[in-house]
Every structure is written in structure tokens, then in C-alpha cells.
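Input: a single structure, listed below in C-alpha cells.
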Amino acid sequence: MSALNEIARTLVSNRRGILAADESIGTMSSRLEKVGVAATEENRRVYRELIVTTPRLSESISGIILADETFRQKVSNGRTFPEFLADLGILTGIKVDTGAKPLAGAPNETITEGLDGLRERVKDYVRLGATFAKWRAVIKIGDNLPSDRAVRANVHALARYAGLCQEGGLVPIVEPEVLMDGAHSLAQCQKVTTAVLESLFDELDLMQVQLDGIVLKPNMVVAGTDSSEQPSVTDVARATVDALRETVPASVPGIAFLSGGQSPEVATKHLGAMQDLSPLPWELTYSFGRALVGPALETWRGDNANWDAAQKALSERAIANAAAR
Ligand code: 13P
């Protein structure tokens with residue numbers, strides 16, 4: 001077994017999943033402000049400390065994805081975040097993309113940037129304790145969207161990112177997110193998700209990415225948030241698994257879903273319903289951000305009197321998702 005395959009399998013097995021705590025400085029700042037916490041570097045650090053010091057987190061969380069700022073900060077005991085997580089038996093991931101920027105010639109669509117200098121950054125992150133990485137591509141459904149050029153440009157960048165990570169010894173989490181925004185149907189989301197994944201695996205093949213050394217992080221196939229026809233949990237599970245069965249080779253060890261704005265409870269239900277569709281060739285698990293940490297942030301609100309209750313809220317979501325597996 002290769003080192004990359006071993007890391008990828010560790011991330012997705014034993015009923016554990018990944019926690020995405022890698023919000024950019026801008027996104028984290030606005031989420032803190034929404035709950036009345038000043039958006040300072042120290043408050044972003046304290047909030048991430050609340051997450052990683054949650055008791056027994058390693059029983060349900062295999063890896064935590066950090067943003068560069070947190071990756072270089074320290075927990076109160078003096079350990080860096082990657083060192084602290086390693087002590088707990090949790091792998092450290094690093095978000096290496098630099099964000100989704102407007103794509104030339106494609107109004108309302110984006111291309112995720114961050115390839116320049118990535119080889120050197122990967123080396124640095126490995127030296128400082130990262131074992132895996134994340135890159136998020138964003139695909140929008142709408143009138144005549146997504147365009148072929150947005151899909152092609154984004155899967156091309158994902159494949160080049162994945163190749164550079166593997167060359168440097170990091171397992172790439174490959175995240176093509178088809179957004180929930182809009183009034184589209186479940187069937188439309190399934191069609192677009194299937195097409196994006198098909199194009200992604202063509203590009204990964206072209207770039208000679210080792211498929212047993214990646215983790216795929218897709219959206220679940222759902223109807224748009226503004227759609228009047230909301231499918232049942234079983235319909236979502238079936239549509240998602242159908243899209244994956246059609247496109248994802250069995251050599252991929254695991255698929256870890258993003259939550260994408262679904263409520264924490266609904267995301268967990270969808271994940272649970274998919275397990276009932278086994279046998280499946282890959283592990284299916286979570287790599288949730290909001291669906292894991294949302295309730296904890298709402299509970300904490302920057303008040304240390306709420307610290308334990310906030311950790312309990314995170315713990316409950318983590319345990320519920322592990323149980324859904
Ligand atoms: P959500 O689960 O909140 O969608 O975040 C996951 C993630 O990492 C997005 O890049």
C-alpha cells in the first residue's frame with residue numbers, strides 16, 4: 001500500500017469523517033460577526049481552539065482541514081494546531097486554493113485559483129505537519145449554466161492541484177461543489193453533478209493522478225434551495241449514489257461529502273440513507289463544515305460561559321454523523 005493510499009484510507013475509514021474548519025479569513029470573520037464576536041485574529045484562533053479541544057473528537061473525526069492562518073497559530077498549551085491534532089491522532093489538512101475568482105468570458109461563473117507557487121507551498125506545509133490538502137471548485141446551476149468552459153477550467157485546475165499535492169506527498173481532497181443556490185430540480189442537479197464528475201475523472205486520468213491516493217469531496221445531489229419540489233431523503237440518497245456509481249472509479253478509497261448549506265440534521269439523514277444502498281465500492285463519509293460546527297458557533301457566541309455547551313453541540317453532531325455511517 002502506498003503512503004498516499006494509507007492516508008486516504010485513514011481519512012475515510014473506521015466510521016470517522018473529516019471536519020472542515022478552513023474558512024478563509026473573510027468567511028470566518030463574517031461568521032463570527034454574525035454571532036456577535038469581533039472578527040480579530042485572536043478570536044478566530046480561540047474559536048478554532050474550541051473546536052480542536054472538544055473532548056473525544058478523534059473518535060468520530062479522522063482529519064481537520066485548516067486555513068493557512070490557523071495552521072500557523074498555536075493552541076493555549078503552546079503546540080501548533082498541526083502538532084496538537086497529531087497528539088490526538090487526528091490528521092491535519094490544509095486548504096491550498098486561494099479562492100474562486102471571476103472566470104473571463106463566463107459571466108457569473110468562477111475559476112478557483114492558487115496553482116502558482118503551489119509546489120513550494122506544499123513542501124512547506126508537509127514540513128509543518130500537513131498530510132492532506134483541499135481545493136474547492138465552485139459550479140453554479142442556472143439558465144445555460146454551468147458553461148462548458150467553467151467546468152473544463154475548474155476540473156483542469158483540480159487535476160493539476162491533485163498532481164502537485166501527490167508529487168509532494170499530500171493526499172488531495174478533490175472538491176467540485178455544485179451549489180444548491182437556485183430553483184433547479186433534483187434531476188437537474190443530478191445531471192450537472194454527473195457531467196462534472198465525468199469531466200473531472202477524465203482530467204485526473206490525463207494528469208496521471210493516482211486515484212487510490214485521493215478523497216473525493218462532492219456535493220450531495222439535492223434540489224435547489226428555491227425549488228418548490230423538495231425531494232425525500234431517500235430520493236436524495238438514490239440520486240447521489242446513482243451519480244457517483246456512474247462516474248467514480250472503484251479505486252477511489254472514499255467519498256467525503258460537503259454539507260453545502262443543508263441543515264445539520266438533514267445532511268446527517270442523507271448520509272445515513274446512502275449507507276442503506278450498499279454494497280458500494282467506496283467508503284461514504286462526511287467532510288462537513290457548517291453541518292458540524294454551525295450549532296457550536298451559535299451556542300458559543302464568544303462567551304466562555306458557553307464553552308462547554310458549544311463543545312457538546314459539536315460533539316453531538318460528530319457522533320450523529322459517525323453513527324449515520
Ligand atoms: P460545508 O460543509 O459548510 O459546505 O463546508 C465544507 C467545505 O469544506 C466547503 O469547502
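All of the numbers you see were taken from the coordinates with simple rules; none came from a lab. It should be emphasised that the depicted structure is a prediction, and the values quoted were computed from it without experimental measurement. Glycine gets a Cβ as well: all are built from the backbone with ideal geometry, and neighbour counts include every protein chain shown.
Summary table below
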item: Computed FRET value (nearest 0.05) for Glu246 with Asp87, which takes r as the C-beta separation and R₀ as 51 Å; result: 0.80
item: Of the DSSP H helices in the chain, those whose Cα atoms cover at least 20 Å axially and whose Kyte score averages 1.0 or more; result: none
item: Value at 222 nm in deg cm²/dmol, rounded to 500, when DSSP H runs of n ≥ 4 in the chain each add -39,500 (n - 2.57); result: -14500 deg cm²/dmol
item: Rounded if a/c under 1.5, otherwise prolate or oblate - the range 196-238, Cα gyration tensor axes; result: prolate
item: For the range 156-200, alpha-carbon Rg relative to the globular expectation (2.2 N^0.38 Å, N residues); result: 1.45
item: Farthest toward positive dipole pole in the range 173-281 [+1 Lys/Arg, -1 Asp/Glu at C-beta], among Pro231, Cys189, Val178; result: Pro231
item: Sites Lys312 and Arg127 - FRET efficiency at Förster radius 30 Å, r taken between beta-carbons, to 0.05; result: 0.25
item: Fluctuation leader among Ser76, Ser13, Ser315 - the chain, Gaussian network, Cα springs under 10 angstrom; result: Ser76
item: Neighbour-count ranking [beta-carbon atoms within 10 angstrom, fewest first] of Ile139, Ile64; result: Ile139, Ile64
item: Of Lys101/Lys269; Lys101/Lys191; Lys123/Lys269; Lys101/Lys217; Lys123/Lys312; Lys34/Lys123, pairs whose Cα-Cα distance is over 31 Å; result: Lys101/Lys269; Lys123/Lys269; Lys123/Lys312; Lys34/Lys123
item: Positive-end residue, the range 66-201 charge dipole about Cα centroid, Cβ charges, pick of Ala104, Gly142, Tyr125; result: Tyr125
item: Whether the range 2-121 is rounded, prolate or oblate, judged on the alpha carbon gyration tensor where a/c under 1.5 counts as rounded; result: oblate
item: The range 69-161 - convex hull of the alpha-carbon atoms, volume per residue in Å³; result: 114
item: Electrostatic dipole magnitude of the range 241-325 [Cβ: Lys, Arg +1; Asp, Glu -1; Cα centre; debye, to 20]; result: 60
item: Shape call, the chain: gyration tensor on alpha carbons, a/c limit 1.5; result: rounded
item: Antiparallel bridge percentage (DSSP; both residues within the range 1-107; nearest 5); result: 10
item: Distance-filtered residues of the range 286-300 - backbone nitrogen under 15 Å, label point 7 angstrom along Val233 Cα→Cβ; result: none
item: For the chain, size of Cβ-based charge dipole, Lys and Arg +1, Asp and Glu -1, in debye; result: 580
item: Within the range 112-161: Cβ-based charge dipole about Cα centre, in debye rounded to nearest 20 (Lys, Arg +1; Asp, Glu -1); result: 180
item: Label point at Asn108 placed 7 Å out along Cα→Cβ; residues across the range 117-149 whose backbone nitrogen lies under 20 Å; result: 137-149
item: Relative contact order (percent, whole number), the range 182-292, Cα cutoff 8 Å, 6+ residue spacing; result: 31
item: Mean separation of Cα contacts under 8 Å, 6 or more apart, over the residue count of the chain: relative contact order %; result: 19
